[in-house]
1. Counting only helical runs of four or more DSSP H residues, what would the 222 nm mean residue ellipticity of the chain come to if each run contributes -39,500 (n - 2.57) and the total is spread over all its residues?
2. If you restrict to DSSP beta bridges whose two residues both lie in segment 3-173, what percentage is antiparallel, to the nearest 5?
3. For segment 86-108 and segment 132-177, write down the distance between their C-alpha centroids in whole Å.
4. Between Ser157 and Leu55, take the C-beta separation as r, use R0 = 30 Å, and let me know the FRET efficiency to the nearest 0.05.
5. Please work out how much length the chain gains when fully extended from Asp115 to Val44, using 0.36 nm per residue of separation minus the C-alpha to C-alpha distance, in nm with one decimal.
6. So what is the relative contact order of the chain, in percent, for Cα pairs below 8 Å that sit 6 or more residues apart?
Amino acid sequence: MTDIMAAASRSADIPVVTPAGVTVRKPSTSDGATMWRLARDTGVLDLNSRYSYLLWTRDFAETSAVAWLRGGAVGFVTGFRRPERPATLFVWQVAVAEAARGRGAGAAMLDALVDRLPDVDHVEASIAPDNSPSQALFAGFAARRGAALARSLLFGSDLLGNGHRPEILVRIGPLRR
Ligand SMILES: CC(C)(COP(=O)(O)OP(=O)(O)OC[C@H]1O[C@@H](n2cnc3c(N)ncnc32)[C@H](O)[C@@H]1OP(=O)(O)O)[C@@H](O)C(=O)NCCC(=O)NCCS
């Protein structure tokens with residue numbers, strides 16, 4: 001591990017506080033149930049089992065984040081490094097509680113994650129074509145990082161089944177550091 005990576009790894013445990021008062025930190029297993037509830041309450045995210053959020057907080061905490069505002073959990077990001085491209089962070093789910101939206105919590109979580117992982121040079125996410133808030137979230141992130149944003153089809157409705165809308169892959173990078 002290089003010095004810069006060691007420093008980043010240590011700082012990953014220190015919460016980041018935004019000027020708007022949003023605190024972002026790594027999740028722990030005690031956040032799993034809250035992340036499940038936040039995902040459920042969006043009404044738009046595919047809801048995974050509580051078990052999967054718990055497992056995520058145990059095994060992928062380094063690439064995930066939770067956001068707090070005034071003492072309550074208001075958002076989370078679940079992410080992972082792609083096994084065959086570990087410098088690419090795939091953001092799986094992002095959720096911010098309705099009452100806390102538009103205050104930069106989503107952006108702060110993405111920024112904190114990437115700041116904590118200095119070797120990550122690309123971010124990917126899959127976004128439904130009609131999800132304007134999510135499109136805006138990732139477009140804003142790309143702009144802050146001076147990065148290009150490319151779109152391609154990740155999974156079509158035929159693969160997703162159950163009338164699911166296609167998932168469009170957004171690939172952002174290289175990231176400016
Ligand atoms: C998408 C989501 C996480 C955004 O979280 P948020 O905390 O409200 O986002 P932020 O306040 O950090 O805003 C980030 C950017 O998106 C823009 N934005 C946020 N909500 C928006 C909306 N409803 N319409 C248009 N733009 C919006 C902001 O203006 C900001 O743009 P900027 O970077 O150019 O300033 C939130 O709307 C959400 O949880 N939605 C439901 C779940 C979901 O769709 N998740 C994404 C699936 S991929």
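Read the figures in this text as sums done on the coordinates, not as results from a lab. Here the structure is a predicted model, which means the values were calculated and not measured. Heads up, the Cβs are rebuilt from the backbone with ideal geometry, glycines too, and the neighbour counts pull from every protein chain shown.
1. -9500 deg cm²/dmol
2. Given both bridge residues lie in segment 3-173, the antiparallel proportion sits at roughly 90 percent.
3. The two parts, judged by their Cα centres, are 13 Å apart.
4. Result of the calculation: an efficiency of 0.60.
5. 22.8 nm
6. This gives 18 percent for the chain.
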